[in-house]
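What follows is one structure encoded as structure tokens, with my remarks underneath.
The values are calculated or read from the model by the stated rules, or taken from the named source; none is laboratory data. Because the structure is a prediction, the values reported are computed rather than measured. Cβ coordinates were reconstructed from backbone atoms using ideal geometry, including for glycine residues, and neighbour counts include every protein chain displayed. SASA here: full protein model, heavy atoms, side chains in, ligands and nucleic acids out. Shrake-Rupley method; radii C 1.70, N 1.55, O 1.52, S 1.80 Å.
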Amino acid sequence: MRVGNLCSKRFVDGQPESTSRLNGTESPSNESLHTTAVAKATTPAPPKPILPVQTGVKAQEEEQSSGMTIFFSLLVIGICIILVHLLIKFKLHFLPESVAVVSLGIIMGAFIKIIEFQELANWKEEEMFRPNMFFLLLLPPIIFESGYSLHKGNFFQNIGSITLFAVIGTAISAFIVGGGIYFLGQADVIYKMSMTDSFAFGSLISAVDPVATIAIFNALNIDPVLNMLVFGESILNDAVSIVLTNTAEGFAHAGNSTVTGWETFLQALGYFLKMFFGSAALGTLTGLISAISLKHFDLRKTPSLEFGMMIIFAYLPYGLAEGIKLSGIMAILFSGIVMSHYTHHNLSPVTQILMQQTLRTVAFMCETCVFAFLGLSIFSFPHKFELSFVIWCIVLVLVGRAVNIFPLSFLLNFFRDHKITPKMMFIMWFSGLRGAIPYALSLHLGLEPVEKRQLIGTTTIVIVLFTILLMGGGTMPLIRLMDIAESQSRRRNKKDINLSKTEKMGNTIESEHLSELTEEEYEAQIYQRQDLKGFMWLDAKYLNPFFTRRLTQEDLLHGRIQMKTLTNKWYEEVRQGPSGSEDDAEEEEAELL
């Protein structure tokens, strides 16, 4: 606030006295106003003022405040990691981790509120969730890891169906929710909002969290193609929802009342297409440049430099896209998909494993942080609660999800070999949980007046908690009711449903991320697979050989020696450790074998 006052003071002081009187009682005629407006339009805009740098005592106070915020965030993440470990240890697989972490955040928020009420400490600033921190630090690793860990084969084979669900389906849901809120407001049933604000809220609340749905599909051994269809839709859905929200917010700020509704729709559509395809093209180009760079600059003998280049290319498209007013989320998603498909195979085996596990760890910590602060926000966020608005929004969200899933699935079944059954449609609808992205977007909206912003934030928190706690927690009983025969056979085979995303991802290393094909083996594999069509054939025949390095026998031998050396070094350290003697280690090894 202080910076804003300084900037406005400089601007007023820099104007002539006659200009600063325009807002007073001695206002000139319309002609002089028009002349002044033309003069302002023709003169170049003044340069942006440089923000003052804090020094001295102010700098120390800001450093201490930032240090406490970092400490508080790490403390929350650490407690949540222990909670997830306990869920895995005691095999509480029926409980999604997001539900457990949000519940823990609620408990911690209540405890902090009691401490503040007793005036023992004041952590109000530390527990507040900052939207800028979410969009700059927490969201990019989550989105990049989603694209990087994607199974590319099924994704590219189903790109049409995935795009239909993600783009058309999300737009349908946004229009239903936004239109319903607008017309109900005009009828004085709920809080009245403008068309652009209603559509902005409908867009942000259409972002679906895929964690529980994908965990359930994996546990039920659903067809992998159908699994990929839902997973791909949920990943692209987040980026599409963000672009739609930014589109609505941009037109709300523009406030151009001279254009018709049809012209406004065409402008919004053009802006969305520019954001979507421009950002996707930028991310794809960045990923291809990274593949070419690491193909011709051989850094495999220095894994630290190789890993550093991968981290740079991972975040590069996000910063560039945001800097040129495109969608950084869309850019980093497509960059992750392309880098995983091409760049990853130009890395040494050590960096391949390091990249995969590092991304999973960072994404897990970011997701955990967001869900924990979501629970904390119940007590830290200034609320404005209207029961009728919340109830109607929940109804519209469920209806919008249904109109998205059922008609599009029915339409896609005419063109698909793997049909989407009514049972799967219902599970997809019921599992449409809302998560971190709607919450952060609601805080990022610059709505006026303040009570409207607080109403949107409170309603979003209630909807997110409703879908995560009630619908997420009720997904398991729903599965058991709908699939009695399957659950009985699972009990006979002693196989339980596991909703722990961390355990599923932590126990595996993707085989497709450890490619060790030589040039001759790759050509033989392509020759055997004559069923490839369309983009898959083009990729296998031309793109993959151009952007990836084919290993020679010497490279293959060097990689295996490198991995074997690391394994032997670790094994020797374990054998010589304080936990036991070499004889005990040999006996345990014999038992395992």
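If you scan region 167-197, which residues turn out to be among the charged types (D, E, K, R) and free of Cβ contacts under 8 Å to residues at least 60 places away in the same chain? Before you say what the answer is, go through the steps one by one.
Residues of region 167-197 that are among the charged types (D, E, K, R), as a first pass: 188, 192, 197.
Correct list: ASP188, LYS192.
Taking the conditions exactly as written (of a type in the set (Val, Ile, Thr) and either surrounded by fewer than 19 Cβ atoms within 10 Å (Cβ to Cβ) or in contact with a Lys or Arg (Cβ under 8 Å, 6 or more places away or on another chain) (or both)), does THR343 satisfy them or not? In short, no.
Looking at region 203-217, is at least one residue part of a helix (DSSP H, G or I) and at pLDDT 85 or above? Write out each step before concluding.
Of region 203-217, the ones part of a helix (DSSP H, G or I) are 203-204, 211-217.
Filter once more, so that each one left must be at pLDDT 85 or above: 203-204.
Checking region 203-217: at least one residue is part of a helix (DSSP H, G or I) and at pLDDT 85 or above.
Please tell me if PHE111 is aromatic (Phe, Trp, Tyr), at pLDDT 80 or above, closer than 30 Å to VAL403 by Cβ and part of a helix (DSSP H, G or I).
On the way: aromatic (Phe, Trp, Tyr): yes; at pLDDT 80 or above: yes; closer than 30 Å to VAL403 by Cβ: no; part of a helix (DSSP H, G or I): yes.
No.
The single condition among (1) among the aliphatic types (A, V, I, L, M); (2) part of a helix (DSSP H, G or I); (3) farther than 21 Å from ILE242 by Cα that LEU299 does not meet is (2).
Consider region 409-422 and keep the residues that are at pLDDT 80 or above and either in a helix (DSSP H, G or I) or of a type in the set (D, E, K, R) (or both). The one that is nearest to ILE205 (Cα to Cα) is SER409. Condition (residue is more than 15 Å from ILE205 (Cβ to Cβ) and among the basic types (Lys, Arg)) applied to region 433-440: is it met by at least one residue? No, region 433-440 contains no residue that is more than 15 Å from ILE205 (Cβ to Cβ) and among the basic types (Lys, Arg). If you go through region 301-318 and keep only what is open to solvent by less than 60 Å² (accessible area, probe 1.4 Å) and out of contact with any Pro (no Cβ under 9 Å at 6 or more places or on another chain), you end up with THR302, PRO303, GLU306, PHE307, GLY308, MET310, PHE313, PRO317.
Note on region 114-158: residues that are at pLDDT 80 or above, open to solvent by 30 Å² or more (accessible area, probe 1.4 Å) and under 30 Å from PHE415 (Cβ atoms) total 0.
One line per residue, one yes/no per condition, for (1) aliphatic (A, V, I, L, M); (2) free of Cβ contacts under 8 Å to residues at least 40 places away in the same chain; (3) not in a helix (DSSP H, G or I):
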site	(1), (2), (3)
ILE311	yes, yes, no
ALA314	yes, no, no
MET330	yes, no, no
HIS344	no, no, no
VAL350	yes, no, no
GLN356	no, no, no
VAL362	yes, no, no
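Residue check: is LEU441 part of a helix (DSSP H, G or I), within 20 Å of the chain's Cα centre (by Cα) and not small (Gly, Ala, Ser)? Answer is yes for this residue. Given the criteria surrounded by fewer than 16 Cβ atoms within 10 Å (Cβ to Cβ) and closer than 14 Å to SER206 by Cα, does VAL464 qualify? So VAL464 does not fit the description; no.
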